[in-house]
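Trainee: What follows is a single structure, and I will ask about it in a moment.
Rule-based calculations on the coordinates, nothing more; no lab input. All of these numbers come straight from a predicted model, not from anything done at the bench. Glycine gets a Cβ as well: all are built from the backbone with ideal geometry, and neighbour counts include every protein chain shown.
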Amino acid sequence: MDTTATVSDTTLASPETGYERPNYLNAAYGMRSWLLTRDHKRIAILYLISVSVFFALGSLFALLIRLELLTPEGDMVQPDTYNRLFTMHGVVMVFFFLIPAIPAVLGNFLVPLMIGAKDLAFPKLNLASWYVYNLGGIFTLWSIVHGGVDTGWTFYAPLSTQYSNTYVISAALGVFINGFSTIFTGMNFIVTIHRMRAPGMTWFRLPLFIWSHYATSLIIVLGTPVIAITLLLVAAERLLHLGIFDPRLGGDPILFQHLFWFYSHPAVYIMILPAMGVISELVAAFARKRVFGYRFVAFASIAIAVLGFLVWGHHMFLAGQSIYLSTIFSILSMLVAVPSAIKVFNWTATLYEGSISYQTPMLYALGFIGLFTIGGLTGTMIATLGIDVHVHDTYFIVAHFHYIMVGGTIMAYMGGLHYWWPKISGRLYPAFLSRLSALLVFVGFNLTFLPQFVLGYLGMPRRYWSYPPEFQVLNVLSTAGASILGVGYVLPLFYFIWSMRYGKRSGDNPWGAIGLEWDTPSPPPTDNFHTIPVVTRPPYAYNEQEVHDRTSHPEARVG
Amino acid sequence: METNLPLFPESASSVAPQIDALFVVWSVISVFFTLLIAGLIIYFMARYRRRAADEVGLPERAPFWLEIAWSAIPLAIMLAMFAWGTQVFVNVYRPPADAIQYSSIGKQWMWKFQHPTGQREINTLHIPVGQPIKLLLQSEDVIHSFFVPAFRVKQDAVPGRYTAVWFEATKPGVYHMFCAEYCGGEHSKMIGSVVAMEPRQYEEWLAGGPAGRSVTASGADLFQQLACHTCHRTGTAGMAARAPRLEGLFGHQVRLEDGGTLVADENYLRESILNPMAKVTAGWQPIMPTYQGQVTEEQLTQLISYIRSLAGEGGIESGSGAGGGPNEVGAAGGQVDSPEPQTAGPARSETDPQ
Amino acid sequence: MASTTMEPEADAAAHHHPALQHQFDSLEQQKESSTLGMWLFLVTEIMFFGGLFTAYVVYRRTFQGVFAAASHHLDVTLGAINTAVLIFSSLTVALAIWSAQMNRRKGIVFFLVLTILLGGVFLGIKTVEYSHKFHDNLVPGPNFHFDGPSPEKAEIFFSLYFIMTGLHALHMIIGMGVLAALIRPAWKGRYDASYYNPLECTGLYWHFVDIVWIFLFPLLYLLGAHAR
Amino acid sequence: MAEHVTSRKLYFAIFAALMVLTAATVAVAKIDLGALNDVVAMAIAVAKALLVLLFFMHVRYSTRLTALTAMGGFLWLAILIFLTMTDYLTRGVLLDDVPGK
Ligand code: HEA
Ligand code: HEA
Ligand code: CUA
Ligand SMILES: [Cu+2]
């Protein structure tokens, strides 16, 4: 086994050829060439920077939350401050980090490369999306600087429309504006995937990363506008005294929840589907094996996207929604878990008879599968009506979604960054340090959030600034875990930056992976390919026996 | 630092064991699948680790039946758990016929309770064990949520309408009561305790406390004061009726002028009083004035309690659990106090369980 | 689906049209892409207004009588005139595109200008209606006043009315801006039968705004008109 | 795909139809049909929208994908309205068999 450098099990790379060639990084220099670029790869880098800033900000809030919760008495900050902390933690993490993270960084970089296109269909729109994102960010930051928002990231009425006296309008407008940037990205992906595939790149030769981004984009296009109008109504209710959700006028606050969750439940799939796409790529590349049940995994993405719109009411079981409807939402929530189960089992089965290497990205990928499974299974637990009565709005929920969002999506995002970093930068990062950070993240993560399941079932409500003393031990464990987790996140920041200058040249394809993105130099030239590739093989054809489409296989009959 | 480390919550209500059983079984299933996946990953990692730099995996053999199997088995498990969970949920939300109704109003940031016998409490609720109790929940401002972990029950209190939750304590003790729905500033201080007592002690407690008029009796007074009786004459015959009789109304079908029917429950009564035009009873002129802004939430509860008591054999219970009023968004609340948490009521009790 | 969406022959675009962007192989591909993009955008618009329609349907069903009474305060005649104006403007946009397909440069400009004028008429009438509402104290807020049962629910009706028609008007203003921006290139002869994509996409948008109004008009103005 | 050019005559015909439908919906609204008023008004609105979609927006002559996209938008709106309304229509329904009710 290799322990020194990640490069050692590569078969195709020739380390000398990586650099002096013209590529998207050295095509032009200077701020202007970046800020006005239309190149999807450069826009991805711009997004990487913005998104990392927001991740740091969100993490800072997390840090403060965990510090406050170290002791049962609220002794570090005022309760109002604490409420702002978790609200801004949620808003920043969800809307400004996790939703754009994989699509806008990895997706932007890779979608055209993977389908053999020169760029996305609408490069100007893509650049606009980045600017709009930052504009939305500025609005949100403005409200943070002025003291923040304290409504919870869910902006529930009538708290948000009448009772909160914080900067709800600017935060809501920030999220509203940010929605446009997401929509631009989603529209761009759908059009690109439909219209710009290279010759021979049929739908069933697309990498699963593309399938999952396609599904994500569908959700973005169909869902995001609803949150936009909902937040606009909240702003209008505060600003213009229009009364839509106002109970004093006979309005129904629960209507707000319907509209909010109609988007925000599908939004959790906006956050997980791209991650699932990353994992499919990683597992195939590091097991050097075709993804088990390719078509099932591909269709599962679409199924999640569609079914994901039919379950939003599972956030409202106890809100005063019709019990009849709660029952429907409960069973539909069970159905949406089936495609996720299909994916988990297929990834696991891909390892079977593979040739598995333990590079850093693969460690993240395997971590993802385990943690996502826990997060998902607890998701189906709380979708069970009888259990949700007790654990709704407790730390059980907090643990559930951090398992999926942090243990799932962020693991996949980190894994993807480590996997495609040589593609992006043409450099390698230190193998040992990166494995160490993967390990720290895994251990720290579990230590942070496993105790929260227990806390939740014990009954500790979420969004509590102080809590009864018997919950302290578990909270201390959680805070301890978070500090380990924090170190695990900070390390990559340093070695990625370090590697840009000092890292070893990676060569074009350090992992010996298959896929159009690896058929072009690393870093790729501005137009991506010197000649537009013609695709003749199914995806992931690692084994020579798999280079033909196997239409006779029973699996191919499906769909 | 407190060193005791509870891992499972105390169970003190009749539904708690049902929920715990559901939870434990689900947890076992979850742990099983987690270990299965983790075990397979670790096994495959060891068994199929890469031995040569240019080694590749074997061709994929994905049997169709395997895909079906691992979709169908989880689905079957989930459907079973869904059925069980829904059954438990209905138990948790359908109050038994002999439940006694208490009323509860959430406001930023306290819980106000009133016993059927009239006693009021803030942030503490005394109840007898072995007696099903239905809490009629409402809110004066934002959404709150009544949560007692030891009872495993929780329900949001929504401004502008009624919701309800019921429980039957099985063991005497002092239990945490939390507000579980984030409601602004002092959400984490909107806590208190439920004191479950043996019925005898409860009676003593009631006797010792400041007896007030019972909720229903206050409602009867109000009914006179607000001159409701001038139109809704109770019990008298002979005189030309100007308004429908309210006896036997609660819990029964009402036919509406527009052809619809509904069951008269708390939310319907609430709307009938605050907003009589919204649903006019078939065969009557819409002459009833609105009482919007003239009655407080509390008086409203009393009036409704009185009208309920007219339903007949006393034992009639509404089952409007989380479902709220049929077909009803809820009428306006009218008067929302300016939030002034610290002043009203006795100091909140920072009770420690056990 | 794979076969219908395959790339068109790359060499079809051997002669480079000036409007062809670098990421596309042919004008055909470029046109299909932007049309699909526009339709996706319209889908987002459907869902955007969809949130409002949902709120409307919920409250309409719950407060039927009050909503009908409140809608009596809207002017059906003005609403109907506006509907006609908007439908007419849809026709003129369609004719602008038709002119492009027929290579009639001046026709394009004429119909674009006409469409913008019609949009202006619509907004003018809308302004008159709004000022009546202001005058009658029917604008939600502290000064809202409504004679009739349940004035607070009428306030919800007017909240919905203003936000729905307001957002619709905002869409019209944006549409008029885009149309105006097309006039110059159209005059310069940029659009003809071989390339008129921007016209086509703007037309789609304008028609969509028309469709929104086609639903707003009966929902807001006509419900309960018979009881007047 | 060859560009389809809709004739001017067809455009005028559609325009005329839309105008007639507008007049019809105003006229019908003045007659009391009970609950049918809403149904008729919505039916006419849908017919008008379809005319605009199919002919003015050329859905009739475009790819399946375009038609699918447009349909998808309306289908999703239907999901939003349908499931939300289910809440308002069924609050309390499951518990109606409570003793005493
Ligand atoms: C990326 C984010 C993400 C994802 C993917 C999910 C996925 C799921 N979520 Fe989660 N959820 C959140 C983020 C996410 N959630 C957030 C942020 C909240 C809180 C919001 C707030 O209030 O602030 C929340 C809250 C939440 C609730 C509301 C709880 C409450 O407030 O009371 C519910 C209830 O049903 C739920 C259910 C589910 C289900 C059933 C899935 C399913 O999709 C999971 C499917 C996956 C699996 C099931 C695992 C793999 C399967 C196997 C290994 C096979 C074996 C399986 C079985 C035998 C069942 N989630
Ligand atoms: C994408 C989403 C995401 C991510 C990544 C995280 C990450 C983390 N979250 Fe968060 N969380 C949410 C989404 C997310 N969370 C949401 C949506 C809520 C609900 C909000 C609401 O209720 O409205 C929530 C709520 C929430 C709570 C509940 C608060 C409450 O209810 O009272 C807690 C408590 O422990 C918590 C903890 C953490 C921790 C420890 C991490 C850790 O993973 C973070 C690890 C990082 C560190 C420990 C810091 C490391 C330091 C740096 C990276 C650099 C720091 C900066 C500078 C140098 C300037 N989160
Ligand atoms: Cu009241 Cu939280
Ligand atoms: Cu959800």
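Trainee: Please report, in debye to the nearest 20, how large the charge dipole of region B:14-153 is about its Cα centre when each Lys and Arg carries +1 at its beta carbon and each Asp and Glu carries -1 there.
Mentor: That gives a dipole near 180 debye.
Trainee: Counting every Cα pair in region C:80-188, what percent are over 25 Å apart?
Mentor: 38
Trainee: Kindly provide the Kirkwood hydrodynamic radius of the protein assembly as shown in Å, to one decimal, from all pairs of distinct alpha carbon atoms.
Mentor: One decimal place: 32.4 Å for the Kirkwood radius.
Trainee: Given q = 0.15, 0.21 Å⁻¹, what are the Debye log10 I(q)/I(0) values for region B:122-228, with equal point scatterers placed on the Cα positions and solvent ignored?
Mentor: Here log10 of I(q) over I(0) equals -0.77, -1.18.
Trainee: For the modelled label position 7 Å from the Cα of residue C:136 along Cα-to-Cβ, which residues of region D:18-60 have backbone nitrogen atoms closer than 18 Å?
Mentor: The answer is D:30.
Trainee: Also, I was wondering about something else. Output the Cα-based Rg and Dmax of chain A in Å, rounding Rg to one decimal and Dmax to a whole number.
Mentor: Answer for chain A, Rg first and Dmax second: 23.1, 72 Å.
Trainee: Under the rule of at least 5 residues apart or a separate chain, name every residue whose amide H is placed under 5 Å from the amide H of residue A:542.
Mentor: So residue A:542 has HN proximity to A:290.
Trainee: At q = 0.23 Å⁻¹, what log₁₀ I(q)/I(0) does chain D have when each alpha carbon counts as one equal point scatterer in the Debye sum?
Mentor: -1.18
Trainee: Additional query: Going down the table (B:107/B:154; B:154/B:279; A:118/A:343), which pairs top 19 Å between alpha carbons? Could you put the intermediate results ahead of the total?
Mentor: Working: B:107/B:154 16 Å; B:154/B:279 31 Å; A:118/A:343 31 Å.
As for pairs spanning more than 19 Å Cα to Cα, those are B:154/B:279; A:118/A:343.
Trainee: Where the only charges are on Cβ atoms (+1 Lys, Arg; -1 Asp, Glu), what is the dipole of the protein assembly as shown about its Cα centre, to the nearest 20 debye?
Mentor: 2900
Trainee: Ok, one more. Can you give the FRET efficiency to the nearest 0.05 for residue A:494 and residue C:178, using r as the Cβ-Cβ distance and R₀ = 45 Å?
Mentor: 0.45
Trainee: Taking R0 as 56 Å, what FRET efficiency do you get between residue B:229 and residue B:8 from their Cβ-Cβ distance, rounded to the nearest 0.05?
Mentor: Calculated transfer efficiency: 0.55.
Trainee: Counting only other chains, what is the mean number of Cβ atoms within 10 angstrom of the Cβ of each residue in peptide A:421-430?
Mentor: Rounded to a whole number, the mean comes out at 0.
Trainee: How well do other chains shield peptide C:193-205, expressed as the mean number of their Cβ atoms within 10 Å of each residue Cβ? Kindly include the intermediate steps, with their values, before the conclusion.
Mentor: On the way: counts 2, 1, 0, 1, 0, 0, 0, 2, 0, 0, 3, 7, 1.
Per residue, the number of nearby Cβ atoms from other chains is 1 on average.
Trainee: Further question: What percentages, rounded to whole numbers, describe P(r) for region A:274-347 computed over all alpha carbon pairs with 5 Å bin width beginning at zero?
Mentor: Percent of pairs per bin, in order: 3, 16, 22, 17, 13, 11, 8, 6, 3, 1, 0.
Trainee: Still on this structure: So for B:120, A:197, A:248, fewest C-beta neighbours within 10 Å to most, what's the order?
Mentor: B:120, A:248, A:197
Trainee: Give the Rg/Rh ratio for region A:54-176, taking Rg as the radius of gyration of the Cα atoms and Rh as the Kirkwood radius, to two decimals.
Mentor: Here the Rg-to-Rh quotient is 1.09.
Trainee: Further question: Which whole-number value in Å³ per residue fits the convex hull of the alpha carbons of region A:316-376? Could you put the intermediate results ahead of the total?
Mentor: Values: hull volume 4.9 nm³, N = 61.
With only Cα atoms used, region A:316-376 gives 80 Å³ per residue.
Trainee: Can you give the alpha-carbon Rg of region A:254-317 over 2.2 N^0.38 Å, where N counts its residues?
Mentor: 1.42
Trainee: Jot down the radius of gyration and Dmax of chain C, Cα atoms only, both in angstrom.
Mentor: So, for chain C, Rg and Dmax equal 21.6, 71 Å respectively.
Trainee: Averaged over peptide C:150-163, how many Cβ atoms belonging to another chain are found within 10 Å of each residue's Cβ? Provide the component values of the computation, followed by the final result.
Mentor: On the way: counts 11, 2, 11, 10, 1, 8, 10, 0, 2, 12, 4, 1, 3, 8.
Neighbouring Cβ atoms belonging to other protein chains average 6 per residue here.
Trainee: OK, next. For region A:391-457, what does the alpha-carbon gyration tensor say about shape, rounded, prolate or oblate, given a ≥ b ≥ c as the root eigenvalues, a/c under 1.5 as rounded, and a/b over b/c as prolate?
Mentor: oblate
Trainee: Another question about this same structure. Just to be sure I follow the definition: excluding the sites themselves, where is the longest run in chain A that has none of the GluC sites (Glu not before Pro) in a DSSP loop with at most 14 other Cβ atoms within 10 Å?
Mentor: In chain A, the maximal stretch lacking such sites is A:74-559.
Trainee: Something else now. Which Rg and Dmax, in Å, describe the Cα atoms of region A:352-465?
Mentor: 16.8, 53
Trainee: Follow-up. When a/c is below 1.5 the answer is rounded, else prolate if a/b is larger than b/c, else oblate, so apply that to region B:1-150 with a ≥ b ≥ c taken from the square roots of the Cα gyration tensor eigenvalues.
Mentor: Here region B:1-150 falls in the prolate category.
Trainee: First check a/c for region A:437-559, with a ≥ b ≥ c the square roots of the eigenvalues of its C-alpha gyration tensor; if it is under 1.5, answer rounded, and if not, answer prolate when a/b is larger than b/c or oblate otherwise. Please list the in-between numbers first.
Mentor: On the way: a/c = 3.83, a/b = 1.82, b/c = 2.11.
The shape class here is oblate.
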